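Enquirer: Submitted below is the structure of interest, expressed as structure tokens.
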């Protein structure tokens, strides 16, 4: 594979990656570095792409939050995944707030799909359902309310 040793080559590689899906700046920089681009070239190209509106952290955050929520993941898991991708905490919090998602409704939908809407009948099943929903990124408070039957069926 030819090296990414010119601004044009780095830009081409970045555009190829962005054509597939939105990327955060840190994630895109990591991928370009793995392909052999220098840090200096990467920064220059990414600055230019951001100025041109082709690289947008807010668009990336919006797309990522929506995608993970559709897959049944809650805000705690999504927040953690975005932190691992190097996104600023403040931007992540804003994206979660502005997503317009009803996390309670998403929790109920995820629970219904996985457990057919059956509340746990014993402590073992309660723990199993709680672990699953916790792993998916829902808060212990929300999970507890749901498993005690506290979230209404009209959601």
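The values are calculated or read from the model by the stated rules, or taken from the named source; none is laboratory data. Computed from a predicted model, the values in this text were never measured in an experiment. Glycine also receives a Cβ, built like all others from the backbone with ideal geometry; neighbour counts cover every protein chain displayed.
Enquirer: Would you please name the residue that is modelled with the lowest pLDDT, looking only at residues in region 2-18 that are surrounded by fewer than 16 Cβ atoms within 10 Å (Cβ to Cβ) and outside any helix (DSSP H, G or I)?
Expert: 2
Enquirer: Of the residues in region 88-99, how many are within 12 Å of residue 62 (Cβ to Cβ) and assigned to a loop (DSSP other than H, G, I, E, B)?
Expert: 1
Enquirer: Checking the structure you have, find out if any residue of region 21-35 is exposed (fewer than 13 other Cβ atoms within 10 Å of the Cβ) and under 11 Å from the mean Cα position of the chain (by Cα).
Expert: The answer is no; no qualifying residue exists.
Enquirer: So how many residues does region 55-73 have that are part of a loop (DSSP other than H, G, I, E, B) and in contact with a helix residue (DSSP H, G or I) (Cβ under 6 Å, 6 or more places away or on another chain)?
Expert: Adding up the residues that qualify gives 2.
Enquirer: Okay, next question. Could you list all residues from region 135-148 that are crowded, with 16+ Cβ neighbours inside 10 Å and either over 16 Å from residue 102 (Cα atoms) or touching a strand residue (DSSP E or B) at 6+ places or on another chain (Cβ under 8 Å) (or both)?
Expert: 147
Enquirer: Follow-up. Which residues, taken from region 100-119, are in a loop (DSSP other than H, G, I, E, B), at pLDDT 95 or above and touching a helix residue (DSSP H, G or I) at 6+ places or on another chain (Cβ under 7 Å)?
Expert: Result: 101, single match.
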